[in-house]
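**Student:** After the structure tokens below, expect a handful of questions from me.
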Amino acid sequence: MPKSAAELKAEILRLTREFSAAAHAANRPGNDARPAPFAPGQTTVPYAGRVFTEDEVEAAVSATLDFWLTLGAEGEAFEQELAAFLGVKRSLLVNSGSSANLLAITALTSRKLGERRLHPGDEVITVAAGFPTTVAPIIQNGLVPVFIDNDPVTLNARVEMLAAAFVPGKTKAVMLAHTLGNPFDLSAVTEFCRRHHLWLIEDNCDALGCRYDGQFTGTFGDLSTQSFYPPHHLTMGEGGAVNITRDMKLKVLVESFRDWGRDCWCASGKDNTCHKRFGWQLGELPEGYDHKYIYSHLGYNLKPLDPQAAIGRQQLKKLPAFIQARIDHWNHLRAGLAGLEEFFDFQLPTHATGWTTNGFTWDASGHRTECSWFGFMMLVKKSAPFTRRELAEALDAAKIGSRMLFGGNLLRQPAFVDLKKERPAALRVVGDLAGADRIMNECIFVGTYPGLTRPMLDYMIETVHRFVKTRS
Ligand SMILES: Cc1ncc(COP(=O)(O)O)c(C=O)c1O
């Protein structure tokens with residue numbers, strides 16, 4: 001008798017798990033019972049990467065066999081689980097963190113927001129050093145980014161510059177990233193936004209699991225964004241999310257721009273959620289025109305696939321352990337590199353004033369941050385007898401992955417230099433951006449991702465010590 005589809009699926013999934021256990025040993029969490037073999041100097045120590053087990057591979061294959069393909073039941077479940085994890089009203093999945101940022105700012109241009117709508121020429125305060133697609137969507141919407149400086153040690157916005165950036169009647173929003181898994185000063189920023197009635201978008205792409213005064217980042221602003229690209233705290237290959245923290249009106253707008261600009265909010269495969277599919281009259285369309293094909297915005301299609309969401313759901317179950325591993329790895333590296341403060345400024349959490357073997361010391365504000373570290377950042381001091389580039393080359397030769405802080409001072413990137421030349425009014429800069437320049441010139445980070453093992457971390461520590469010794 002031929003096997004049923006259910007029997008065949010069960011057999012395929014059993015074999016899938018067996019395959020993944022055999023094929024993906026190097027991608028398992030670093031504290032796995034069966035750690036991948038590590039040969040110092042021969043095995044590459046990546047700065048980040050996908051960390052998964054047979055659970056994710058089974059989920060991907062299972063959803064692929066079901067062949068729904070477009071965002072469906074897995075996507076809906078993941079959206080709900082992510083929103084519940086963070087404690088926000090809704091999360092909407094998208095195909096990247098960059099798309100999430102594009103949608104978050106674009107949603108605020110909707111006519112449906114009335115007086116609070118963003119208009120071309122309105123100003124959005126942002127920060128100079130970071131990832132380009134935190135800023136590009138501001139410009140892509142005809143809005144004007146106003147750049148303030150970064151603190152070179154926390155890597156976050158220097159919030160004391162917000163007041164200087166503010167122009168009454170022009171400034172309408174603040175859009176900042178929690179850099180490298182370190183919350184920015186949410187107390188100062190939310191107070192500033194409240195006082196001036198500004199929108200706040202938190203780019204939480206590198207910071208899932210961070211807390212500020214005990215509350216997850218990504219839950220303070222009007223909207224926040226996630227990236228699920230492989231180096232991030234969880235992955236679905238390509239992917240991301242927009243979190244709607246409180247106001248469900250924004251959910252309808254983000255969803256509309258994500259889904260072709262449509263007015264209808266039916267999920268994929270569903271009809272008539274509004275119970276008046278043929279009862280609308282909008283624009284200059286005839287009365288009763290199918291709501292599924294009514295477009296209230298100039299939208300995009302930025303949805304991911306359902307099998308990607310199935311992967312994300314498995315990753316979310318592992319997220320608390322992933323976050324803890326990032327914190328443990330950062331602490332291990334920091335303790336191992338103690339004594340090298342003469343050569344490096346090591347990153348500090350916002351509100352921390354220093355690090356000791358007992359933990360961080362804190363400023364007098366009373367606020368506390370808990371980092372969900374994206375990486376372990378070292379600023380090479382000007383007085384050090386070596387350069388950042390020499391350290392990067394030494395790490396590379398030792399097969400240790402490192403990165404700079406993404407685009408550095410974005411204003412020095414060719415795209416922004418051209419923009420300044422061609423359309424000087426398209427952006428505005430406040431102050432000299434000396435912190436962003438320092439980050440661009442002196443910062444380097446290595447991995448804290450959950451795939452790292454203790455021997456790898458110890459090898460990273462030894463390599464940095466050995467390098468410093470040969471130079472001093
Ligand atoms: C702060 C920040 N925002 C946005 C993004 C974009 O995310 P994605 O690569 O998923 O488009 C990144 C990328 O890593 C990032 O670091």
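The values are calculated or read from the model by the stated rules, or taken from the named source; none is laboratory data. This one's a predicted model, so the numbers in the text were calculated from it and none came from an experiment. Neighbour counts are summed over all protein chains in view; Cβ atoms, including those assigned to glycine, are modelled from backbone coordinates with ideal geometry.
**Student:** Looking at the range 385-421, which of the residues that are part of a helix (DSSP H, G or I), touching a residue at least 60 places away in the same chain (Cβ under 8 Å) and not small (G, A, S) is farthest from the ligand (Cβ to nearest atom)?
**Tutor:** E390
**Student:** Pairs please, first residue from the range 178-199 and under 21 Å from A104 (Cα atoms), second anywhere and within 16 Å of the ligand (Cβ to nearest atom) and basic (K, R), Cβ atoms under 8 Å, 6+ apart in sequence or on different chains.
**Tutor:** Short answer, once both residue conditions are applied: G181/R326.
**Student:** Residue check: is L86 touching a strand residue (DSSP E or B) at 6+ places or on another chain (Cβ under 7 Å) and modelled with pLDDT of 95 or more?
**Tutor:** For L86, the condition - touching a strand residue (DSSP E or B) at 6+ places or on another chain (Cβ under 7 Å) and modelled with pLDDT of 95 or more - is met.
**Student:** Identify, from the list D418, D396, the residue that is touching a strand residue (DSSP E or B) at 6+ places or on another chain (Cβ under 8 Å) and among the acidic types (D, E).
**Tutor:** None of the others qualify; the one that does is D396.
**Student:** If you don't mind, another one. For the range 414-472, give me the residue count where each residue is of a type outside the set (G, A, S) and on the phi > 0 side of the Ramachandran plot.
**Tutor:** Matching residues across the range 414-472 total 1.
**Student:** Being buried (at least 16 other Cβ atoms within 10 Å of the Cβ) and farther than 26 Å from T235 by Cβ is the filter; apply it to the range 363-380 and report the residue that is farthest from the chain's Cα centre (by Cα).
**Tutor:** It comes out as V380.
**Student:** Looking for whichever is surrounded by fewer than 19 Cβ atoms within 10 Å (Cβ to Cβ), closer than 30 Å to A39 by Cβ and assigned by TED's automatic domain parsing to the domain that holds A392 here; the options are R423, R428, R466. Which one fits?
**Tutor:** The match here is R466.
**Student:** For the range 310-344, what are the residues that are more than 19 Å from the chain's Cα centre (by Cα) and in a helix (DSSP H, G or I)?
**Tutor:** A310, D328, H329, N331, H332, L333, R334, A335, G336
**Student:** Okay, next question. Among the residues of the range 32-50, which ones are within 19 Å of H232 (Cα to Cα), part of a loop (DSSP other than H, G, I, E, B) and touching a helix residue (DSSP H, G or I) at 6+ places or on another chain (Cβ under 6 Å)?
**Tutor:** Residue satisfying the conditions is R50 alone.
**Student:** If you scan the range 1-31, which residues turn out to be assigned to a loop (DSSP other than H, G, I, E, B) and in contact (Cβ under 8 Å) with a residue 12 or more places away in the chain?
**Tutor:** The answer is H24, R28, P29, G30, N31.
**Student:** Taking the condition surrounded by 24 or more Cβ atoms within 10 Å (Cβ to Cβ) and either over 26 Å from R403 (Cβ atoms) or within 16 Å of the ligand (Cβ to nearest atom) (or both), does L65 pass?
**Tutor:** no
**Student:** Report those helices (runs of 4 or more DSSP H) wholly inside the range 110-228 carrying at least 2 residues which are within 14 Å of the ligand (Cβ to nearest atom) and buried (at least 17 other Cβ atoms within 10 Å of the Cβ).
**Tutor:** Result: 132-140.
**Student:** Also, I was wondering about something else. If you go through the range 246-287, how many residues are surrounded by 13 or more Cβ atoms within 10 Å (Cβ to Cβ), among the aliphatic types (A, V, I, L, M) and at pLDDT 95 or above?
**Tutor:** Residues in the range 246-287 being surrounded by 13 or more Cβ atoms within 10 Å (Cβ to Cβ), among the aliphatic types (A, V, I, L, M) and at pLDDT 95 or above: 5 in total.
**Student:** Given the residues G336, G359, which is the only one that is surrounded by fewer than 19 Cβ atoms within 10 Å (Cβ to Cβ), without any contact (Cβ under 8 Å) to a residue 12 or more places away in the chain and farther than 23 Å from C205 by Cβ?
**Tutor:** Only one candidate passes the filter, namely G359.
**Student:** Moving on. Just need a number here: residues in the range 235-245 that are in contact with a Lys or Arg (Cβ under 6 Å, 6 or more places away or on another chain) and more than 11 Å from the ligand (Cβ to nearest atom).
**Tutor:** 1
**Student:** Still on this model: Would you call H291 over 23 Å from F374 (Cα atoms) and assigned by TED's automatic domain parsing to the domain that holds K303?
**Tutor:** yes
**Student:** If you scan the range 370-384, which residues turn out to be within 16 Å of the ligand (Cβ to nearest atom) and either in a loop (DSSP other than H, G, I, E, B) or farther than 17 Å from H465 by Cα (or both)?
**Tutor:** C371, S372, W373, F374, G375
**Student:** Checking H232 against (1) within 16 Å of the ligand (Cβ to nearest atom); (2) touching a helix residue (DSSP H, G or I) at 6+ places or on another chain (Cβ under 7 Å), which test does it fail?
**Tutor:** The number of the failed condition is (2).
**Student:** For the range 430-472, which positions are in a helix (DSSP H, G or I) and under 20 Å from the mean Cα position of the chain (by Cα)?
**Tutor:** Scanning the range 430-472 gives A436, I439, M440.
**Student:** Next question, about the same structure. Could you look through the range 84-98, keep only residues that are closer than 14 Å to L316 by Cβ and part of a helix (DSSP H, G or I), and pick out the one that is nearest to the ligand (Cβ to nearest atom)?
**Tutor:** The selected residue is L86.
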